[in-house]
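> Please find one structure pasted underneath; my questions will follow.
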Amino acid sequence: MRIQMSLEKQSYDILLDHKAILQLPYEIKNIYKGQKVFIVTDENVYKFYANTLKSLLAEFNVSFVVVAPGEQAKSLAIYESVIDTLMEQDMKRSDLLIAFGGGVIGDLVGFVASTMYRGVPYIQIPTTLLAQVDSSVGGKTAINSHKGKNMIGTFYQPKLVIIDPDFLRTLPNFEYKNGMAEVIKSAYIGDVVLQEKLFKGQIKTLEMIERAILVKRNVVLKDEFDLNERMFLNFGHTFGHALEKQSNYEIAHGFAVAEGMLMAVHIGEKLGITPKHIQKDLRMILEKYDLGLLKSDPVTLIDDVFYDKKNTHGELKMIFITDIGKPVIQPVSKEALYECYHSQAS
Ligand code: ADP
Ligand code: ZN
């Protein structure tokens, strides 16, 4: 299926299906007249899929740039080395770039695409569940600075996104769970049917990805540049980010967001925003995927969040759920948050 991303300045398709990757040669010819194609990937993904890509793209002149796997790839040093390598391989401004890998590759290569020669055309081919349902959709690119994650980046849309769930067959289980947290988040902020199907454990991977993407797309179409509604995607992320950071990024994003969602529904319940039954159902769904099981300390997380937001005049904007599929943004004070954990008995 094709999901259209019709943004103000451009529009492009998200091609989603089993074996969608087989469409790549035709899709390239639709958007690009040249012969040269530059594919940036990481060592793991290269090992699994380089041969597939090479034979699929035999009619093109393909060069690979392969970086070491892991978050370290989102650094200024690797960013520079990727650009150097592409230039050494004589990449021109009109040549096509392909980001082939998980969220790390997507963010890094998106940033390369948006800045190299002031912007080159590129295709996103996400290969992790997390990247398929989240980072490959919406046009945010980023690398990390010493001051924090995703501190350097742009909004830059690809020419095409190809999502092939068959890539997930080689994905380690841990990475699958990591992505499931964002799927579950999408259900809670925007898709009652998805939530029901996850609850019953009756959903095919393809439909699950489609539904999660549609939630994200609908939010991004309303607010491409993250000024209003796009904040809904941050459900579970206020405390999720704090937990990731507190663990020195030992806890992966999805696992942290799962904890963050549980905190957000607990706090929402205490503040009278979130109905009581939500917490139980969310916990059950998360447990199905071994998520939401960490023993984190809410009080230190509250402290950390407010320490990081020194200049928010004592209030923090948080995303709550008034019902499944119905998020709201509400300011909360540090004192109100403490209170939610001190009156546990009630
Ligand atoms: P994320 O998508 O979670 O942001 P990464 O880009 O770091 O994160 O990908 C997570 C890990 O999974 C990396 O080690 C990467 O090499 C590996 N990986 C990505 N896609 C696949 C795949 N389809 N099969 C196996 N391993 C993969
Ligand atoms: Zn996230």
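> From the set of residues in region 253-268 that are open to solvent by 20 Å² or more (accessible area, probe 1.4 Å) and within 16 Å of ligand 2 (Cβ to nearest atom), which is nearest to GLY70 (Cα to Cα)?
Filtering region 253-268 for residues that are open to solvent by 20 Å² or more (accessible area, probe 1.4 Å) and within 16 Å of ligand 2 (Cβ to nearest atom), the one nearest to GLY70 (Cα to Cα) comes out as HIS253.
> Next question, about the same structure. Could you list, in sequence order, all residues of region 82-101 that are open to solvent by less than 50 Å² (accessible area, probe 1.4 Å) and closer than 22 Å to ALA142 by Cβ?
VAL82, ILE83, THR85, LEU86, MET91, LEU96, LEU97, ILE98, ALA99, PHE100, GLY101, listed by residue number.
> Can you spot a residue in region 33-56 that is open to solvent by less than 70 Å² (accessible area, probe 1.4 Å) and at pLDDT below 95?
Taking every residue of region 33-56 in turn, at least one turns out to be open to solvent by less than 70 Å² (accessible area, probe 1.4 Å) and at pLDDT below 95.
> Only one of these conditions is not met by PHE225: (1) outside any helix (DSSP H, G or I); (2) among the hydrophobic types (A, V, I, L, M, F, W, C); (3) modelled with pLDDT of 95 or more. Which number is it?
Single failed check for PHE225: (3).
> Could you count how many residues in region 231-244 are within 16 Å of ligand 1 (Cβ to nearest atom) and either among the polar types (S, T, N, Q) or open to solvent by 40 Å² or more (accessible area, probe 1.4 Å) (or both)?
1
> Being within 16 Å of ligand 2 (Cβ to nearest atom) and either within 20 Å of ALA68 (Cα to Cα) or open to solvent by less than 10 Å² (accessible area, probe 1.4 Å) (or both) is the filter here; which residues of region 111-139 pass it?
Matches in region 111-139: PRO126, THR128, LEU129, LEU130, ALA131, GLN132, VAL133, SER135, SER136, VAL137, GLY138, GLY139.
> When you scan region 18-32, how many residues do you find that are open to solvent by less than 60 Å² (accessible area, probe 1.4 Å) and either part of a helix (DSSP H, G or I) or on the phi > 0 side of the Ramachandran plot (or both)?
6
> Given the criteria assigned to a helix (DSSP H, G or I) and away from ligand 1 (no atom under 16 Å from the Cβ), does LYS197 qualify?
yes
> Take the conditions open to solvent by 50 Å² or more (accessible area, probe 1.4 Å), touching a Leu at 6+ places or on another chain (Cβ under 8 Å) and not acidic (Asp, Glu) and apply them to LEU271. Does it pass?
no
> Looking only at region 215-230, count every residue that is among the aliphatic types (A, V, I, L, M) and surrounded by 18 or more Cβ atoms within 10 Å (Cβ to Cβ) and tell me the total.
Of the residues in region 215-230, 3 are among the aliphatic types (A, V, I, L, M) and surrounded by 18 or more Cβ atoms within 10 Å (Cβ to Cβ).
> Oh, and also: Taking the residues in region 85-109 that are within 16 Å of ligand 1 (Cβ to nearest atom) and not in a helix (DSSP H, G or I) as candidates, determine which candidate is nearest to the chain's Cα centre (by Cα).
Step by step, filter region 85-109, then rank; the result is GLY102.
> So for region 53-63 (the condition being of a type in the set (Val, Ile, Thr), in contact with a strand residue (DSSP E or B) (Cβ under 8 Å, 6 or more places away or on another chain) and closer than 23 Å to ARG93 by Cα), does at least one residue qualify?
Within region 53-63 (the criterion being of a type in the set (Val, Ile, Thr), in contact with a strand residue (DSSP E or B) (Cβ under 8 Å, 6 or more places away or on another chain) and closer than 23 Å to ARG93 by Cα), the answer is yes, since at least one residue qualifies.
> Are any residues in region 153-178 more than 16 Å from ligand 1 (Cβ to nearest atom) and open to solvent by 50 Å² or more (accessible area, probe 1.4 Å), and if so, which ones?
PHE155, TYR156, LYS159
The values are calculated or read from the model by the stated rules, or taken from the named source; none is laboratory data. Nothing here was measured: the structure is a model prediction, and the numbers come from that model. So basically every Cβ, Gly included, is an ideal-geometry build from the backbone, and we count neighbours across all protein chains shown. Only protein heavy atoms, including side chains, enter the accessible area calculation; ligands, DNA and RNA are left aside. Shrake-Rupley method; radii C 1.70, N 1.55, O 1.52, S 1.80 Å.
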